[in-house]
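Quick notes on the structure that follows.
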Amino acid sequence: MRTGVKEHHRSRRLQLWQGTLAILPLSIAVLPWGLLAGSYAIDIGLTSLEAQALSAILFAGAAQLVATGMFDANVGIWTMLLTTFFITSRHFLYSVSMREKISPLPARWRLTLGFLLTDELFAICGHQTKTQFQPWFALGAGLSFYLFWNLASLVGIIAGKEIPNLNQWGLEFAVAATFIAIVIPTIKNLPIFVAVIVALVASVLLSYWQVEGSLIIASLLAMVSGYLTEVNLPKRVDDNTMQAEEER
């Protein structure tokens, strides 16, 4: 009996470490981003406690940087909440995608993994099937990433007090680098490839033309393009197959 319990605990610890190692490259890649978030919060006049609370409670890199900028610009609270909602709305899609795997779990697991669900955690666990998904693996990945993010923010807070204007050091490139590392491995079929290309081209052009809401528009265009490609692809394959058979 005791042997079985020990093996069970050992299996849990192993899954925790496996999750930690699986997300480790993304955890390292996000460090400059966390440094930027922490230092930027100090630059606009937030206290160390307030700056750390942003990382500990909000735990959303892009939304956190935007919210910090809005604090600096004295933007109204409702505008800030609405903007943050739109920026983080993709997490709703993540949760819907993983619902089948997480819904059978107890409430404490659903709440914990829901809080830890980020772009990076979805990149690690989103492609897993229901049988492949392991809660302790996901917990190890999500929790370790959370700790990395908050540690990087803490270092940024300390550095922000000693090194002024740290946000001008080009650390924001870490944002783009992280998302590139997340997106590239997911390009495994034509619809995803089309969606990525449309998102890339549309976001660059709309930003160049200074169109408001360019990110949201580019995201919608990418989703529609990927969907249309996926819907029409089987038909094209069938048509080509029939044409080849007729030629025979």
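Quick check, is residue 163 open to solvent by less than 40 Å² (accessible area, probe 1.4 Å), assigned by the TED database to the domain that holds residue 48 and of a type in the set (Val, Ile, Thr)?
Judged against the criteria, residue 163 is not a match.
So is residue 25 surrounded by fewer than 20 Cβ atoms within 10 Å (Cβ to Cβ), without any contact (Cβ under 8 Å) to a residue 12 or more places away in the chain and on the phi < 0 side of the Ramachandran plot or not? Reasoning before the result, please.
Numbers: surrounded by fewer than 20 Cβ atoms within 10 Å (Cβ to Cβ): yes; without any contact (Cβ under 8 Å) to a residue 12 or more places away in the chain: no; on the phi < 0 side of the Ramachandran plot: yes.
Judged against the criteria, residue 25 is not a match.
I'd like the residue in the range 8-19 that is at pLDDT 70 or above, open to solvent by 70 Å² or more (accessible area, probe 1.4 Å) and not polar (S, T, N, Q) and, out of all such residues, is nearest to residue 144 (Cα to Cα).
17
Could you look through the range 146-160, keep only residues that are of a type outside the set (A, V, I, L, M) and either within 14 Å of residue 46 (Cα to Cα) or open to solvent by 90 Å² or more (accessible area, probe 1.4 Å) (or both), and pick out the one that is modelled with the lowest pLDDT?
So the residue we want is 160.
Check 80, 98 and return the single one that is more than 19 Å from the chain's Cα centre (by Cα), surrounded by 11 or more Cβ atoms within 10 Å (Cβ to Cβ), of a type in the set (A, V, I, L, M) and assigned by the TED database to the domain that holds residue 37.
80
For the range 74-105, enumerate the residues that are part of a loop (DSSP other than H, G, I, E, B) and either under 14 Å from residue 41 (Cβ atoms) or not aliphatic (A, V, I, L, M) (or both).
74, 76, 88, 89, 103, 104
Residues being polar (S, T, N, Q) and open to solvent by 60 Å² or more (accessible area, probe 1.4 Å): count how many of those fall in the range 113-145.
The number of residues fulfilling the criteria is 4.
Kindly indicate which of 203, 207 is open to solvent by 50 Å² or more (accessible area, probe 1.4 Å), modelled with pLDDT of 80 or more, closer than 30 Å to residue 28 by Cβ and among the small types (Gly, Ala, Ser).
207
Name the residue that is surrounded by the most Cβ atoms within 10 Å (Cβ to Cβ), counting only residues in the range 210-225 that are at pLDDT 85 or above and not in a helix (DSSP H, G or I).
Looking at the filtered set, the residue picked out is 211.
Go through (1) assigned to a helix (DSSP H, G or I); (2) without any contact (Cβ under 8 Å) to a residue 24 or more places away in the chain; (3) surrounded by fewer than 12 Cβ atoms within 10 Å (Cβ to Cβ) one by one and return the number of the condition residue 50 breaks.
(3)
Please find, among 58, 36, the residue that is modelled with pLDDT under 90 and under 16 Å from residue 72 (Cα atoms). Walk me through it before giving the result.
Details: 58 fails: under 16 Å from residue 72 (Cα atoms).
So the residue among 58, 36 that is modelled with pLDDT under 90 and under 16 Å from residue 72 (Cα atoms) is 36.
The values are calculated or read from the model by the stated rules, or taken from the named source; none is laboratory data. These figures come from a predicted structure and were not determined experimentally. A quick note on method: Cβ atoms are made from the backbone with ideal geometry, for glycine too, and the neighbour counts reach across all protein chains shown. What goes into the accessible areas is simple: the full protein's heavy atoms, side chains included, and nothing from ligands, DNA or RNA. Shrake-Rupley method; radii C 1.70, N 1.55, O 1.52, S 1.80 Å.
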